[in-house]
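Here the structure comes first, spelled out in structure tokens, and everything after it is commentary.
Nothing in this text is a laboratory measurement; each read-out follows from the coordinates by a stated rule. In this text, all values refer to a predicted model and were calculated from it rather than measured experimentally. Positions of Cβ are generated from backbone atoms using ideal geometry, with glycine treated the same way; all protein chains shown enter the neighbour counts.
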């Protein structure tokens, strides 16, 4: 398996496009994206667990209830959530894909991201449809930009791998930034693949995958209303269709995991205002759920995040976060080390501090990517979670987002 | 019932003192506090739920297991937590009270607050004991200062009330600031009273009270290792002792609640870097637990807190926080208004936005104290939670706290 150039157009039969239709005031920022498969594809998605769900979520759920879809449309700048006419608008967006691209409305995955509770003017979207459809190409860059909100970088990844004697591909684009938290925060991920796989197995692969990928990232602890990870897999690689568990399914899951974890790191590293990626590698937990819970608590702690911003080796806050995470473990067995491209240093053994060089610790913690390596010494389960530091800019970005 | 001047020395028979003993480098900041009752008092405390508990917590628990105590000693600058010799040091602090003030070590409540995982040098504390004890007086100001960490203001309150024909008093001091969160975050509260009440009823009153007071405040979502609310009640008011439920107990609980809620507001308003107090009044929940959970979720949301800093009427984030709080409610029934000394404005009805003047909303949200008034319209239970805005200064204070 190897990473290759590209993203949602890396797999055979997919094209993408993006335009500025006018939802956002800034004319240089595209705000409407479209991804299309040449043929009808198996479709699966996982959604936010927030009780308050964006209208697009409901429409997408309905449209892929038969396990099939052919297109994904997404706007940024407005979440189409908590509006009285939200469902109608989301349905209308699918109808526009039917009218302008000839793909049945019921085969469209629809998503919106941005401010909650402001009416979305669908005629603005309609005005951009013609250019959107005529712009469809093998280059997904503008689509990746069009889904961004406060993101500072496009998030793209693609991988090539073999199933039997067929070369297959999976690629994806993502938006993240604020409100990225376990259980599908304000995060949108669109994944495409040319593997032949049944809707059931695609759905199983995705739901297993998110437990260790998108549900393990946190930017600020808030779980948003709109967010979704969706996959289309159109079978154009020509492999023997995957319809059950087995070696081919395992290969597919492994390839999917490369894409999702790669996008996770990119989402966390580009958290609002973030200056560095924080990865918590938690080992020695008594069970998987405890491992995930503790790892997430560490990367979600405002105090750990602020310490990481200041490159302060404040390991007490790491223990504190594990202590309130709700897992059952013996604090006096916990070991903590910090690691980065600049080195590795042990700071806590058996729940107590060890002597360490503040200077070396500082150097390790000033890296772009810092690993907090925790061992609970209570079992054999482990988990990895991703987050970012808490910075002045996070506050600035979120202090007046809406106006 | 009326608020009166003073704090832990308002009740009869209590004296307090504070000194700079040298745990903190800044010689103008006292770092050691002592509160003493003339007679042995009923004692009760509630503690952090963090698995990682400071050594002083264990020693206090043991010392008040008989329901009695006479003194409270507390240092700031070092949490005496996650140190191999923590228990020994905490025991030593109690012995010092015995040696210098003649109060049995087993009748001492001990607390520490500050950095986790750095050895606490008890000889420094010993060096300050003589001045600490000789400074005992009816003025609790220096004690209130000595327990502060990143707090910017002393937090004190006292109330006078009648039980039968006896005038009684309750007073308290608190430290809060960082890591203030439901379930006893890094927060220390010392309360004294001259009411005659059995240890059992005192403990009951306190444990009932914290559900609606200290467990309903949040500064940053982190629950700390050390924190504790403790009460001494010495009976010197001469009321008929409270040994069971009834009118006298209700009066005591009401007076206690005035003190605790007053201190809660002061703690939240002085959250690290905070520029304003946020109060979420949540009504119409299906049950009490849901009301508390939802109210806490609102004041704990980083996005709500950042919006409050920017005086941005982003009510969508309020709905979003309720949506992920874990309670079961119908989002389409939720109403939200903002209120302050500058006015009141409805921003969301039945889960959708209503037209409102951004100018008026901004004016309301620039007040020092802002109320987020939520009705779930799903039942008759309500709750109040307190928090503060998330500011640049929060990040600054926590980015390099330890070094």
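For the stretch A:277-399, what ratio Rg/Rh do Cα atoms give with a Kirkwood hydrodynamic radius?
0.96
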Taking each pair of different alpha-carbon atoms in the stretch B:299-367 once, compute 1/r for the pair, average those values, and report the inverse of that mean as the Kirkwood hydrodynamic radius in Å to one decimal.
12.4 Å
Taking the Cα centroid of the stretch A:1-71 and of the stretch B:91-133, what is the distance between the two, rounded to the nearest whole Å?
63 Å
Hey, fewest Cβ within 10 Å first, where do B:217, A:191, B:327 land in order?
B:327, B:217, A:191
Averaged across the residues of B:116-124, what count of C-beta atoms belonging to other chains lies within 10 Å of each residue's C-beta?
3
For the protein assembly as shown, build the convex hull from the C-alpha positions and give me its volume per residue in Å³.
148 Å³
Residue order, fewest to most beta carbons within 10 Å, for A:349, A:240, A:276:
A:240, A:349, A:276
How high is the relative contact order of chain B, in percent, counting Cα pairs under 8 Å that sit 6 or more residues apart?
17 percent
How high is the relative contact order of the stretch B:277-399? Use alpha-carbon pairs under 8 Å, at least six apart in sequence, and give a whole percent.
44 percent
Report the closest approach of any chain A C-beta to the axis of the A-to-B rotation: residue and distance, in whole angstrom.
A:392, 2
Enter the angle in degrees (range 0 to 90, nearest 10) between the Cα long axis of helix B:315-324 and the first principal axis of the Cα atoms of chain B, meaning the one along which they spread out most.
70 degrees
Pick from B:214, B:309, B:190: which is most flexible by mean-square fluctuation in a GNM of chain B where alpha carbon atoms under 10 Å apart are linked?
B:309
Counting DSSP beta bridges with both ends in chain B, the antiparallel % (nearest 5):
70 percent
Taking the label point 7 Å from Cα along the Cα-Cβ vector, the copy-to-copy distances for residue A:67, listed from shortest in nm with one decimal, are 6.6
Once you average over the residues of A:332-341, how many Cβ atoms of partner chains fall within 10 Å of each Cβ?
1
Ordered shortest first, which distances in nm separate the 7 Å Cα→C-beta label point of residue B:326 from those of the other copies?
0.3
Expressed as an acute angle from 0 to 90° and rounded to the nearest 10, what is the orientation of the C-alpha long axis of helix B:247-269 relative to the principal long axis of chain B?
70 degrees
Inter-copy distances for residue A:126, nm, shortest first, label points 7 Å along Cα→Cβ, are 8.5
Okay, helix-only estimate at 222 nm for chain B: each DSSP H run of n ≥ 4 adds -39500 (n - 2.57), divide by all residues, round to 500 deg cm²/dmol; what do you get?
-10000 deg cm²/dmol
Expected max-MSF residue from A:37, A:130, A:198 in the GNM of chain A (alpha carbon, under 10 Å) is A:130
Calculate the all-directions average of the projected area of chain B's alpha-carbon convex hull, and give it in nm².
18.8 nm²
Using only the alpha-carbon atoms, how far is helix A:122-134 inclined from the longest principal axis of chain A? Give it as 0 to 90 degrees, nearest 10.
80 degrees
Taking B:53, B:155 and counting other beta carbon atoms within 10 angstrom, the fewest-first order is B:53, B:155
Could you check which residue among B:26, B:63, B:80 shows the biggest mean-square fluctuation in a GNM of chain B with a 10 Å Cα cutoff?
B:26
Would you mind getting me the FRET efficiency between residue B:5 and residue B:85? Use the beta-carbon distance for r and R0 = 51 Å, nearest 0.05.
0.80
